[in-house]
Amino acid sequence: MLKGRLEDDRMLTGRGRYVSDWNLPGQAHGHFLRSDRAHAEILSIDVESALKHGGVIAVLTGEDLIDLKSLPAALPYKGRGGMELINPGRPALARGRVRFVGDAVALVVAESAVAAQDAAELIQVAYRDLPAVIRAPQALEPGAARVHEGVPGNLVLDYESGDEAKTRAAFEAAARVIGLEVDISRVVGNPMEPRACLAAFDGASQRYHLYACTQGVAIMRNQLSVVLGVPPEAIRVIAEEVGGGFGVRFNLYPEYCAALFAAKKLGRPVKWSGTRAEVFLADEQARDVRSRGELALDAGGRIIGMRFDMTANLGAYLAPTGPFINTMGIVNCLSGVYDVPAAYARIRLALTNTAPMAAYRGAGRPIMSYAIERLVDHAASELAMDPAQFRRKSMVTTFPYRIAAGFEYDCGDFVGVLDKALRVSEWNSFEKRRNESKSKGRLRGRGIATYIEATGAGFAPQDQIEMRWGEDGGLTLYTPTHNHGQGHETTFAQIVGGVLGIAIEKITLRSAGADFYLLGNATGGSRSLAAVGSVFLLGAHELVKKGMALAAEQLEAAAADIEFVEGHYRIKGTDRRIAIQQLASKNPGQLDLQYQNKFGACFPNGCHIAEVEIEPETGEAEVLSYVACDDAGNIINHQIVEGQMQGGLTQGAGQVFSELAVYDAESGQLLTGSFMDYAMPRAGLVNGIKLVEHPVPTKLNPLGAKGVGEAGFTGSLPALMNAVLDALRPAGVRHFEMPATPRRVWEALQAVRE
Ligand code: MCN
C-alpha cells in the first residue's frame, strides 16, 4: 500500500514554491493602506509625504484606478417576485468612501516592502465618519444606515426556494409546529498562507502575468478579464503551491487587480505579501446567517413541512461568489435527508460594513445542515423522543428522490448510514456513560446529526484535462483544478496509473495555466475527484485507444489483433508486446491527449454522533468521542479521505468551540483580528474519532464517487452543537449559540443557576 501522498516529500522538505517564493528581475514591492474605520466618506488623500519617503516609486489611490472595472458578482437566477440581484460594484481601491475596516485605500509601491509600509503610514486621509451597520438583521431595519447609496434598505436580494403556498398549507394542516431560531456564527477562513501576489506586465506581448494564491487559475483569469477589460488570453495566472484554500482562495481579490494595474503603469513587477492581520481584515469571511426554522409535524411526529426564514450578511461589497453561496449554496438540499413533501426557504441578503462574505469549507451547506439539524434535534427534545428515532421516521428511503425544492438525490441509504453510526457510537448505552460523568460532577451530552450535500455542479461548461508524455516515459497530467492540500497529485495519478498500468511515481500533476489553459472548474464544492477525476478516468481509457493504431504499426500487426494488458499493448495470444511508456517515448507527442467532459453534482451524506463532557465549574467542554459514518460512494484513496474527514470535522469543531469573528456593533472595528482573540482549533480538540464508510456508489459519474472535502464540516457543526445542548439541557439551559467557549458555557450555566 502507498505510504503517504506523492506530494508529501516535496512539502515536508521545504521544496514547495508558494507565492512569496517567486521573484522577478526588477520587482518593486507593494503595501496597502487600509481603512481604519468601518464607514466614512473620503474627503481627501494627501500622498505628498509618502511620495518623498526614500525608495517610494508611486502611490496609487482609487481615483488612479478609474479605468479598472468593478469586481464581478452576478447570479443566473432571480429572487422573490423577480427581484434581480443588485451589485453596487467593488473598485480595486476604495473610491469616495470606505465601507469596512480593512478596505484598501491606497497602494504604495517602493523598492522594498519595508519602505512601502513606512511610506503608507505617512499618507494623510481625511475622513468624514458615517454610521455603520454590522449585523444583517439590523442592516435590514427601516432607517438603517446605507452601505451603498444604490442599495435601498441594504437588501441586495430577497431570495426564495420551494413552494411557499404549499408549505403554508402543510403548516396549517400540521398537528404540531415547532420552531427554533439559530445563529450560524461568523468565521475567518485562515489558510496557512496569507494572501500574496506577484504582478507583472509584459509590454512586448501586452500580457499580464499574475502569481497568486488561487484554487484555480482559469476562474481567476476570467474574473480578472472583467476587471482589466482585456480578453482572458491576455492574462496568465500562475500558482504552484497554495497554502490552503478552504474556499477563501476561490475568488479574485481587489489587491491583485491593483497590483497588476501598478505593474503595467510603472513598467515593473510588483510583489505583495499580505500579513496574518490582513487575512483577518480583508480575506473573504463566511457564514453569519440568522435562521428561523419551523417544522410541521403530523400526529405521529412525522415531518410534513419545513420552512426557513434567513438573513445573510454579505459584507460591504459582493464577493464574486457571495450571492451564490448564500442562496443556492444554502438551499440546494433544503430538506436534508428527510422526505418532506413541502419545504420553503426565504433568504434576505444584506450588505453591512464588514468584510465581504463568500465560501468557506462547505460553502453554504453547513448553514443548511446546522439550521435543519438543530431544529430537528430541538423538536425531538420538545416531544421527549429519542432524536435518532425521531429522525428515522422522516428519512428518505426510496431513490431517486426529488426534494421539494432543489435537486434529485440519485441514490443513498440514509437509514443504513444512521443505523451503522448508532451501532458504532454505542448509542443505546449512553445513559450509563452519562451517569458515570454525572458521578464525577460533569455534564455529558450526546449529539447526532445527519447531513447531505450537493457537491459542486461546476460553473464552467466542461472540465478539460490533458496528458503529455515526457521523453523518459513519465506522464504529466494537466488539470483545471488546483491541489492545495487535498492530495490530488496522488489520487489523480492512482486513477490514470491504474488504467495505463504505470507506477504512480511516474505521473506528475500540474495545474494548467503556466503555458496553456484548460477550460474547467477550480477546486471547490468537493467536486475535483468525482468530476475531474472522472474525466481523467475516461481520458486514460481514450489514451489507451489512441495508442492502438500506433502499437499495431510498431508490432507490425493488425490493430484488431492488439489488446492492452497491464500497461502493455500485446498481439493477442502471443508474448509480443510494447509498454505504453515505450510507445510514447518512440513517438513523441503522438500519445498526448486532451480530453473533456462534464460531471455535475452528486450527493455525499452521512450521520455523525459526538459525545462531549462539560466541566460545569469552568465551562470547559471536551469531545470524548466522534463517530462519522459517511457515504462517499467509491473511494479512491482511503487514507486521504480519512485525512479530509478529520480536517473537515475538526474545522467544524473550531467553529463550535472557539472561533468567532466579532465586529464591534458601534465602531465596526474587528475585535478578533489576531490569533490572540480568535482561537483556531488544535489537533487534540476532537478525541476518539471513528470514521466508518458506508459507500453507495453513484451512477452520476464513472468513478461512482461522491465528494468528501467538505463533508466533515457539514456534519460536525450540528452534531457537536447538539451534543453541547444535550449536555446543558438537564442543567436547565434551553438555548445556546456557538461558540461553546468555556466562558460562554459557564455564563449560560451561571444564568440558569441564578
Ligand atoms: N477522494 C477519494 N474518494 C472519494 C472522494 C474523494 O479518494 N470518494 C479524494 C480525492 O481524490 C481528493 C480528496 O479526497 O484527493 C478530496 O476530494 P474531493 O472531495 O473531490 O474535494 P476537492 O478535491 O474538490 O477539494 C475541495 C474541498 C473543499 S471545497 C475545501 S473548501 C477544502 C477541502 O477540499 N479545502 C481544503 N479540503 C481541504 N484540505 C486541505 N488540506 N486544504 C484545503 O484548503
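Some notes on this structure:
- Within the span defined as segment 689-705, one or more residues are under 21 Å from the mean Cα position of the chain (by Cα) and within 13 Å of the ligand (Cβ to nearest atom).
- Condition met for Arg287 (on the phi < 0 side of the Ramachandran plot, modelled with pLDDT of 95 or more and not aliphatic (A, V, I, L, M)): no
- Checked against (1) under 28 Å from Gly150 (Cα atoms); (2) in contact with a Pro (Cβ under 6 Å, 6 or more places away or on another chain); (3) buried (at least 24 other Cβ atoms within 10 Å of the Cβ), Ser369 passes all but a single condition, namely (1).
- Any hit, segment 314-323, residues being over 25 Å from Asn87 (Cβ atoms) and assigned to a helix (DSSP H, G or I): no
- Of the residues in segment 496-519, not one is in contact with a helix residue (DSSP H, G or I) (Cβ under 7 Å, 6 or more places away or on another chain) and within 24 Å of Gly364 (Cβ to Cβ).
- Identity of the residue in segment 11-54, in contact with a Ser or Thr (Cβ under 6 Å, 6 or more places away or on another chain) and farther than 26 Å from Ala132 by Cβ, that ends up modelled with the highest pLDDT: His29
- Residue within segment 315-322 that is surrounded by fewer than 22 Cβ atoms within 10 Å (Cβ to Cβ) and more than 16 Å from the ligand (Cβ to nearest atom) present: no
Every residue, every condition in (1) under 30 Å from Ser381 (Cα atoms); (2) touching a Phe, Trp or Tyr at 6+ places or on another chain (Cβ under 7 Å), yes or no:
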residue: Gly162; (1), (2): yes, yes
residue: Glu172; (1), (2): yes, no
residue: Pro194; (1), (2): no, no
residue: Asp202; (1), (2): no, no
residue: Tyr211; (1), (2): no, yes
residue: Val226; (1), (2): no, no
residue: Val237; (1), (2): no, no
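- Pairs meeting the criteria (first residue in segment 373-398 and without any contact (Cβ under 8 Å) to a residue 12 or more places away in the chain, second residue acidic (Asp, Glu) and surrounded by fewer than 16 Cβ atoms within 10 Å (Cβ to Cβ), beta carbons under 8 Å, at least 6 apart or on different chains) are Ala380/Asp386.
- For segment 736-754, residues that are in a loop (DSSP other than H, G, I, E, B) and within 29 Å of the chain's Cα centre (by Cα) total 6.
- Residue check for Arg444: modelled with pLDDT of 95 or more, more than 16 Å from the ligand (Cβ to nearest atom), surrounded by fewer than 22 Cβ atoms within 10 Å (Cβ to Cβ) and not hydrophobic (A, V, I, L, M, F, W, C): no
- For segment 200-228, the set of residues classified as more than 19 Å from the chain's Cα centre (by Cα) and of a type in the set (A, V, I, L, M) consists of Ala200, Ala204, Leu210, Leu224, Val226, Val227, Leu228, listed by residue number.
- Pick from segment 447-475, criterion among the acidic types (Asp, Glu) and within 30 Å of Asn605 (Cβ to Cβ), ranking: farthest from the ligand (Cβ to nearest atom): Asp463
- Some residue of segment 355-362 being within 20 Å of Met738 (Cα to Cα) and part of a helix (DSSP H, G or I): no
- So Ala711, is it within 24 Å of Ala661 (Cβ to Cβ), within 16 Å of the ligand (Cβ to nearest atom) and within 25 Å of the chain's Cα centre (by Cα): yes
- Restricting segment 449-475 to residues that are assigned to a strand (DSSP E or B) and of a type in the set (Asp, Glu) leaves a set whose member that is surrounded by the fewest Cβ atoms within 10 Å (Cβ to Cβ) is Glu466.
- When residues of segment 363-372 are limited to those that are more than 15 Å from Pro323 (Cα to Cα) and of a type outside the set (S, T, N, Q), the one nearest to the ligand (Cβ to nearest atom): Pro366
- Across segment 640-670, the number of residues qualifying as under 21 Å from the mean Cα position of the chain (by Cα) and either more than 16 Å from the ligand (Cβ to nearest atom) or at pLDDT below 95 (or both) comes to 6.
- Among residues of segment 476-486 being surrounded by 19 or more Cβ atoms within 10 Å (Cβ to Cβ) and without any contact (Cβ under 8 Å) to a residue 60 or more places away in the chain, the one that is farthest from the ligand (Cβ to nearest atom) is Tyr478.
- Residues in segment 476-490 that are in a strand (DSSP E or B) and of a type outside the set (A, V, I, L, M): Thr476, Tyr478, Thr479.
- No other residue among Glu553, Glu489, Glu563, Glu505 is in contact with a strand residue (DSSP E or B) (Cβ under 6 Å, 6 or more places away or on another chain) and more than 16 Å from the ligand (Cβ to nearest atom) apart from Glu563.
- Flag for Thr352 being in contact with a helix residue (DSSP H, G or I) (Cβ under 7 Å, 6 or more places away or on another chain), surrounded by 19 or more Cβ atoms within 10 Å (Cβ to Cβ) and among the polar types (S, T, N, Q): yes
- Considering residues of segment 179-237 that are charged (D, E, K, R), more than 16 Å from the ligand (Cβ to nearest atom) and out of contact with any Asp or Glu (no Cβ under 6 Å at 6 or more places or on another chain) only, the residue nearest to Glu373 (Cα to Cα): Glu181
- Residue within segment 328-337 that is buried (at least 24 other Cβ atoms within 10 Å of the Cβ), more than 16 Å from the ligand (Cβ to nearest atom) and on the phi > 0 side of the Ramachandran plot present: yes
- Top-ranked residue of segment 491-537 - restricted to ones that are among the aromatic types (Phe, Trp, Tyr) and in a loop (DSSP other than H, G, I, E, B), ranked as farthest from Ile219 (Cα to Cα): Phe516
- Spans of helices (runs of 4 or more DSSP H) in segment 43-155 with at least 3 residues under 30 Å from the mean Cα position of the chain (by Cα) and buried (at least 18 other Cβ atoms within 10 Å of the Cβ): none
The values are calculated or read from the model by the stated rules, or taken from the named source; none is laboratory data. None of the values given here were measured: they were computed from a predicted structure. Quick reminder, even Gly has a Cβ in these numbers, built from the backbone with ideal geometry, and neighbours come from all protein chains shown.
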